[in-house]
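The values are calculated or read from the model by the stated rules, or taken from the named source; none is laboratory data. Nothing here was measured: the structure is a model prediction, and the numbers come from that model. Here the Cβ is made from the backbone with ideal geometry for all residues, glycine too, and neighbour counts use every protein chain on show. Please note that ligands, DNA and RNA were not included when accessible areas were found on the heavy atoms of the full protein model with its side chains. Shrake-Rupley method; radii C 1.70, N 1.55, O 1.52, S 1.80 Å.
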Amino acid sequence: MMATNRKLKLLCLHGYRQDTDSFKDKIGGFKKSIKGTTELVFLNAPHEISPESCISNTENGVSILKGGRSWWFCDESNDFNSRTECEKANGFESSVNAINEAFKTQGPFDGILGFSQGGAMAALICALKEHQAFMHDFHFVVLIAGFQSRSKCHQYLYTKPMNIQSLHIIGENDSCISKDRSEVLIPLFKSSSVVYHDGGHFIPSKSNVKNEYLPFFKNMYCFINNSSN
């Protein structure tokens, strides 16, 4: 009897000030486009952000949500800015432990997908894996509007090339995480695929962009199933 192909299982890490529910809403079109090959499992970051700590900004005329969650903070004030260089990454170890626990209880996972701060977190998990500080196995990572952490305690993690397949999805007009900041992650991986879209800080699902990233998921789907059959 021939083995039945299984879907890829992907652990999804939301962005700063999001949580699993808001991320599911934002990723809906993308999820639909890859549903033939991929199952998504969403994880909440362990750190709540105070609702009073609201960035004064708007996106498409709508105020950015107060509160939400974070994978780490820049300092003891429980604040985070991706552009801020800081000494520490408060709460980072708790987030690594939460991801480790997700692999134990909800895995195994074939890959990790991260958006914005979740993309930075996913890249750091790949780096920890290279340093033998994250022991669960996975085969690829998808970084959407990801960036390199500016916390000084993380910089040693970027010193080893990451021997894992990566897909980088980058907005040409992303005003939150600029194109060049996402591109910094590309050469850190030994094998990278890159997809650009003409939008901003969101997860694209338009057909022209979809046609560029779908082959990556199909290739990973074939690789996983050929390896297990």
Place a point 7 Å from the Cα of N226 in the direction of its beta carbon; the residues of segment 167-205 whose amide N falls under 20 Å from it are 167, 190-194
Whole-Hz Karplus couplings 3J(HN,Hα) for segment 76-92, θ = phi - 60° and coefficients 6.51, -1.76, 1.60, Gly and Pro as x, run 5, 7, 6, 10, 8, 9, 5, 8, 7, 7, 9, 6, 10, 9, 4, x, 4
Once you place label points 7 Å from the Cα toward the Cβ at D21 and V194, how far apart are they in nm? 3.8 nm
Accessible area per residue, 1.4 Å probe, Å², for the chain: what's the number? 49 Å²
Segment 71-149 to segment 1-31: how many Å between their Cα centroids? 16 Å
Heavy atoms only, probe 1.4 Å: what % of the accessible area of segment 84-229 goes to carbon and sulfur, would you let me know? 47 percent
Between K129, K88, K32, find the one with the highest GNM mean-square fluctuation for the chain; connect C-alpha pairs within less than 10 Å. K32
H168's amide H: which non-local residues (gap 5+, or another chain) put their own amide H closer than 5 Å, with H modeled 1.01 Å from N in plane and none for Pro or chain starts? L143, S193, V194, V195
Less than 15 Å Cβ to Cβ from Y158, Lys/Arg counted +1 and Asp/Glu -1: what total charge do the surrounding residues give? +3
Which whole-Hz ³J(HN,Hα) couplings does segment 15-24 yield from phi under the Karplus relation 6.51 cos²θ - 1.76 cosθ + 1.60, θ = phi - 60°, glycine and proline marked x? x, 4, 6, 9, 8, 4, 5, 5, 5, 4
What's the longest bit of the chain with no exposed GluC sites (Glu not before Pro), using DSSP loop states and at most 14 other Cβ atoms within 10 Å as the test? 88-171
Along segment 182-193, what does the Karplus equation 6.51 cos²θ - 1.76 cosθ + 1.60 (θ = phi - 60°) give for ³J(HN,Hα), rounded to whole Hz, x for Gly and Pro? 6, 5, 4, 6, 4, x, 6, 9, 6, 9, 10, 10
Top positive-direction residue, dipole computed over the chain with Cβ charges, set L43, L188, P108: P108
List the lysines whose Cα sits under 27 Å from the Cα of K7, skipping any in the same chain fewer than 8 residues away. K24, K26, K31, K32, K35, K104, K129, K190, K206, K210, K218
Once amide hydrogens are built 1.01 Å from N within the peptide plane, the residues lying 5 or more places from C12 or on another chain with amide H under 5 Å from its amide H are V41, F42, L43, L113
